[in-house]
Every structure is written in structure tokens, then in C-alpha cells.
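Data first, discussion second: the structure below is written as C-alpha cells.
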Amino acid sequence: MKLYTAAMAPNPDRVRFFLQEKGAWDQIERVEVSIMKGEHKTPAYREVSPLAQVPALSLDNGVHITESRAVCTYFESVFPEPNLMGRDGQEAAVIEMWDRRVELSYMGHIAGWFRHSHPAMAELEAPQCKEWAEICSRRAIMGASFFNERLAVSPFVAGDRFTIADISLYVCMGFGRLVKFKPWETLPALSAWRDRMASRPGLA
Ligand SMILES: N[C@@H](CCC(=O)N[C@@H](CS)C(=O)NCC(=O)O)C(=O)O
């Protein structure tokens with residue numbers, strides 16, 4: 001199998017952190033794809049990822065998996081320990097619920113904010129829409145407050161142990177910095193959680 005990935009990009013980082021937490025990152029054959037050079041838009045790469053996005057996982061039997069969460073689901077089955085996606089149906093559903101909330105209530109808004117306001121994205125996201133960036137920024141701020149409230153009553157995003165939902169939220173912390181969004185500076189529970197996450201070798 002081959003993992004197509006990109007350095008310092010949020011969705012590839014989600015898979016990298018997931019594999020690092022499992023101690024498996026170095027066991028995977030990887031292909032670095034440069035988004036800034038447009039390597040993800042070549043016809044050859046579109047055979048792997050029709051939406052021209054990273055990450056993507058190509059299996060030896062010709063199957064391609066191209067959503068970061070789906071790639072993590074596959075790796076959870078290959079490297080079951082430590083468990084990051086739930087040990088039974090109920091726990092898996094609760095973790096998925098929180099992880100999807102991170103994606104939909106937070107990560108997607110930071111992405112819209114970044115893509116429609118940052119000069120580095122002008123070519124990839126033409127035409128940029130400043131009004132949409134503004135709306136996304138407000139929604140991202142609401143998302144950060146929501147997770148601050150959650151982390152005030154729960155040690156981890158999905159409950160009492162570290163899971164993929166923490167990985168996804170931690171990725172948002174780095175992603176937000178691209179638009180100078182540092183919500184942990186004013187949100188104490190998010191800040192304390194982020195400090196704990198930053199001390200995990202798997203999240204470096
Ligand atoms: N839902 C997809 C999103 C993937 C995605 O947006 N990847 C970004 C990098 S973080 C990308 O490939 N962008 C290329 C582009 O915008 O042209 C996933 O979770 O894998």
C-alpha cells in the first residue's frame with residue numbers, strides 16, 4: 001500500500017498523527033505530494049484521488065481511499081492498538097459523533113476562512129470570496145467556544161480517553177494559526193487541553 005500525503009497540510013496531518021499515535025507511521029510507504037506545485041492536479045494523481053486532494057491511500061488490490069477519516073478507519077483495522085475509534089458500537093458512534101462535530105462545526109469553517117482570505121490560496125481558490133471568509137471566521141469562533149465548553153466538562157473531546165476526535169481538534173489548532181486564529185489564548189479549557197495534547201509525542 002502507498003499513502004499519498006503532504007507536509008504541513010491539515011487533513012494529511014490528521015492521518016499522520018493517527019499513525020504516529022499507533023507507532024505505525026514509519027511502517028507505511030509514503031509519497032509526498034506538493035499542493036503548492038499542483039502535483040495533486042495531474043491526471044496520474046486524479047486516477048488515485050478524483051477530487052485532487054490529499055491524503056489518499058492506495059491499496060495493493062487497486063482500491064483507493066481518499067477521505068482522511070476513511071483512511072484512519074482502514075488503519076484502525078490494520079493497527080488496532082491503541083484503539084482510537086471505539087471498542088464497541090456505542091463507543092464508536094459517540095466518537096464518530098464528536099469527530100464529525102469537529103469537522104463540521106470547526107474544521108470546515110477554518111478551511112473556508114483560510115482558503116478565502118489567505119494570499120497563498122489565491123490561485124487554488126479563485127475567485128476568493130472575502131464575505132465567505134468573514135462568515136466562516138465567525139462560525140469558527142463559535143466552534144472554538146463550543147469545544148471550550150465541552151472540554152470544561154470532559155477531559156478529552158469524546159469522553160474520558162484520547163481518540164481520533166482529539167487528533168481532529170488538535171489539527172484545527174495548527175490550521176487556525178494560518179489565519180492567526182489562536183482561540184486557546186482566551187478559552188481556558190481549550191488551552192489546558194491543547195497543552196496536554198502538545199506534550200504527546202504522537203502529535204508532534
Ligand atoms: N474531506 C477530505 C478533504 C481533503 C482536503 O481538503 N485536502 C486538502 C489538503 S488539507 C487538499 O488536498 N487541498 C488541495 C486543493 O485545495 O487543491 C479529507 O478529509 O481527506
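The values are calculated or read from the model by the stated rules, or taken from the named source; none is laboratory data. Not measured: the values here are computed from a predicted model. In this analysis, Cβ positions are derived from the backbone assuming ideal geometry, glycine residues included, and neighbour counts consider all displayed protein chains.
Restricting attention to the range 38-56, which residues are within 15 Å of VAL71 (Cα to Cα), within 11 Å of the ligand (Cβ to nearest atom) and either free of Cβ contacts under 8 Å to residues at least 12 places away in the same chain or in contact with a strand residue (DSSP E or B) (Cβ under 9 Å, 6 or more places away or on another chain) (or both)?
Scanning the range 38-56 gives SER49, VAL54, PRO55, ALA56.
From GLY108, GLY89, grab the single residue that is surrounded by fewer than 20 Cβ atoms within 10 Å (Cβ to Cβ) and within 18 Å of the chain's Cα centre (by Cα).
GLY108
Among the numbered criteria (1) of a type in the set (A, V, I, L, M, F, W, C); (2) within 15 Å of the ligand (Cβ to nearest atom); (3) buried (at least 17 other Cβ atoms within 10 Å of the Cβ); (4) without any contact (Cβ under 8 Å) to a residue 40 or more places away in the chain, which one does ILE35 miss?
Of (1) of a type in the set (A, V, I, L, M, F, W, C); (2) within 15 Å of the ligand (Cβ to nearest atom); (3) buried (at least 17 other Cβ atoms within 10 Å of the Cβ); (4) without any contact (Cβ under 8 Å) to a residue 40 or more places away in the chain, only one is false for ILE35: (4).
So if I check each of VAL63, VAL54, which one is β-branched (Val, Ile, Thr) and within 20 Å of the chain's Cα centre (by Cα)?
Every option except VAL54 fails the conditions.
For the range 81-95, enumerate the residues that are closer than 14 Å to PHE18 by Cβ and either charged (D, E, K, R) or modelled with pLDDT under 95 (or both).
Selection gives GLU81 alone.
What tally of residues in the range 151-169 results from selecting those that are surrounded by fewer than 23 Cβ atoms within 10 Å (Cβ to Cβ) and either in contact (Cβ under 8 Å) with a residue 12 or more places away in the chain or of a type outside the set (D, E, K, R) (or both)?
The qualifying residues number 8.
Taking ALA70, is it loosely packed, with under 15 Cβ neighbours inside 10 Å and among the small types (Gly, Ala, Ser)?
It is true that ALA70 is loosely packed, with under 15 Cβ neighbours inside 10 Å and among the small types (Gly, Ala, Ser).
Residues of the range 106-149 being under 13 Å from CYS172 (Cα atoms), touching a residue at least 40 places away in the same chain (Cβ under 8 Å) and within 15 Å of the ligand (Cβ to nearest atom), which ones?
Passing the criteria: TYR106, MET107, ILE110, ALA111, TRP113, PHE114.
Could you tell me whether the range 84-93 includes any residue that is among the hydrophobic types (A, V, I, L, M, F, W, C), touching a Leu at 6+ places or on another chain (Cβ under 6 Å) and touching a residue at least 12 places away in the same chain (Cβ under 8 Å)?
Looking through the range 84-93, none of the residues is among the hydrophobic types (A, V, I, L, M, F, W, C), touching a Leu at 6+ places or on another chain (Cβ under 6 Å) and touching a residue at least 12 places away in the same chain (Cβ under 8 Å).
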